[in-house]
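Q: The structure's right below; bear with me while I get my questions together.
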């Protein structure tokens with residue numbers, strides 16, 4: 001307590017004593033003197049309140065001083081701990097061996113007497129509770145593999161439109177040679193359309209207010225980051241394998257996309273991959289698409305006994321190639337586990353021009369809805385992200401798929 005606060009408190013106590021003496025001298029008073037007694041009582045109450053305030057300030061001051069001393073001691077302890085280098089052969093130390101014994105039996109009594117009396121970090125009662133656990137400021141995140149069809153396909157952003165009809169020219173007029181004065185025949189182009197209907201893609205994450213308020217990270221940002229990854233992963237998978245029912249139509253699932261079988265049952269060869277490129281008309285800008293596992297096995301395949309590998313490294317700014325065509329990794333394709341012994345019907349390699357053959361419709365951009373009310377009694381907030389989109393094959397002839405023969 002400071003000298004000024006002590007002096008103030010002593011003065012208040014002296015004034016209070018004088019008032020009490022005055023009260024005793026008029027205890028027998030009646031009539032008008034009662035009003036004086038009531039006034040004196042009010043003064044006593046005021047002094048009591050003042051004394052209470054002084055006491056609280058005194059306690060607070062003492063507590064602040066104590067807290068500052070504890071922080072200083074903690075800092076000194078932390079500095080001294082960091083200055084001690086940990087032994088390199090820690091597994092050979094008595095402390096490490098004792099810890100292993102404790103974990104196996106989970107019985108402190110199993111420790112020797114000297115071990116039980118030693119202050120240490122691996123036993124709570126022996127000082128382990130005093131060692132703080134510090135959370136790293138960085139989150140180690142697993143890699144999420146995404147089939148990035150969006151970057152290859154034709155994307156059409158039409159706000160507020162649920163269904164988009166894409167006109168498709170399916171044929172051109174037939175030109176014919178005619179003799180002199182012969183009448184030429186009529187001919188015209190043919191057209192069709194493909195309807196793209198957007199569907200809702202959403203992620204809902206409930207989170208407690210405790211998690212939002214007390215976690216060591218910005219949980220709202222973390223949730224949004226993961227939601228965006230979930231969207232990218234889901235749409236990429238569905239652009240390849242979606243059924244078309246309340247979801248995009250996938251290239252691998254569309255019945256209109258042509259496919260061919262490998263030459264031999266249950267296996268794939270160099271010839272199969274090369275011949276696949278002949279299934280797509282000249283004029284498209286195709287790429288091979290396959291999983292990373294499939295690529296690894298194709299890299300080992302040679303063009304005959306004495307020739308080079310099917311896979312070629314790019315030169316300069318040119319990309320790596322398979323059969324002189326670029327390729328992209330799409331992990332939602334079926335995967336090779338070897339060049340032979342494959343499951344019949346697996347689509348292990350695709351070849352095609354996504355920009356010409358596959359359309360993506362973005363109808364509503366990513367939106368966030370926060371609902372703090374539905375589970376308010378549990379103090380839970382629901383974060384819901386959603387967007388409306390779809391994808392569909394519009395030119396099947398721009399693709400060719402390779403299946404493992406049964």
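The values are calculated or read from the model by the stated rules, or taken from the named source; none is laboratory data. Treat the numbers as computed from the prediction; the structure is a model and nothing was measured. Glycine gets a Cβ as well: all are built from the backbone with ideal geometry, and neighbour counts include every protein chain shown.
Q: Could you say whether any residue in the range 374-388 is in a strand (DSSP E or B) and under 30 Å from residue 326 (Cα atoms)? Can you show your working first?
A: First, pick out the residues of the range 374-388 that are in a strand (DSSP E or B): 380-388.
Then keep just the ones that are under 30 Å from residue 326 (Cα atoms); that gives none.
Scanning the range 374-388, I find no residue that is in a strand (DSSP E or B) and under 30 Å from residue 326 (Cα atoms), so the answer is no.
Q: Next up: Being in a strand (DSSP E or B), touching a residue at least 12 places away in the same chain (Cβ under 8 Å) and closer than 23 Å to residue 355 by Cβ is the filter here; which residues of the range 246-299 pass it? Write out each step before concluding.
A: Taking the range 246-299 first, the residues in a strand (DSSP E or B) are 249, 259-265, 267, 282, 284, 287-290.
Of the ones still in play, those that are also touching a residue at least 12 places away in the same chain (Cβ under 8 Å) are 249, 259-265, 267, 284, 287-290.
Matches in the range 246-299: 249, 259, 260, 284, 287, 288, 289, 290.
Q: Within the range 121-233, considering only strands (runs of 3 or more DSSP E) that don't extend past its boundaries, which have at least 1 residues that are under 25 Å from residue 373 (Cα atoms)? Steps first, answer last, please.
A: Working: elements: 154-157, 163-171, 190-197, 199-208.
By residue number, 199-208.
Q: Going by the conditions given, is residue 355 modelled with pLDDT of 95 or more and in a strand (DSSP E or B)?
A: Values: modelled with pLDDT of 95 or more: yes; in a strand (DSSP E or B): no.
So residue 355 does not fit the description; no.
Q: Run down 316, 345 and say which single residue is surrounded by fewer than 19 Cβ atoms within 10 Å (Cβ to Cβ), part of a loop (DSSP other than H, G, I, E, B) and modelled with pLDDT under 90.
A: 316
Q: Further question on the same structure: Looking at (1) at pLDDT below 95; (2) out of contact with any strand residue (DSSP E or B) (no Cβ under 7 Å at 6 or more places or on another chain); (3) crowded, with 16+ Cβ neighbours inside 10 Å; (4) within 22 Å of residue 360 (Cβ to Cβ), which is the only condition residue 250 fails?
A: (1)
Q: Within the group 336, 366, 401, which residue is in contact with a strand residue (DSSP E or B) (Cβ under 6 Å, 6 or more places away or on another chain), in contact (Cβ under 8 Å) with a residue 12 or more places away in the chain and more than 23 Å from residue 267 (Cβ to Cβ)? Talk me through it step by step, then tell me what you get.
A: Values: 336 fails: more than 23 Å from residue 267 (Cβ to Cβ); 401 fails: more than 23 Å from residue 267 (Cβ to Cβ).
Just one listed residue meets the conditions, 366.
Q: Scan the range 176-184 and give yes if some residue there is free of Cβ contacts under 8 Å to residues at least 12 places away in the same chain and either within 30 Å of residue 331 (Cβ to Cβ) or in contact with a helix residue (DSSP H, G or I) (Cβ under 9 Å, 6 or more places away or on another chain) (or both), otherwise no. Outline the logic, then answer.
A: Applying the first criterion (free of Cβ contacts under 8 Å to residues at least 12 places away in the same chain) to the range 176-184 yields 176-184.
Then drop every residue that is not either within 30 Å of residue 331 (Cβ to Cβ) or in contact with a helix residue (DSSP H, G or I) (Cβ under 9 Å, 6 or more places away or on another chain) (or both), which leaves none.
No, every residue in the range 176-184 fails to be free of Cβ contacts under 8 Å to residues at least 12 places away in the same chain and either within 30 Å of residue 331 (Cβ to Cβ) or in contact with a helix residue (DSSP H, G or I) (Cβ under 9 Å, 6 or more places away or on another chain) (or both).
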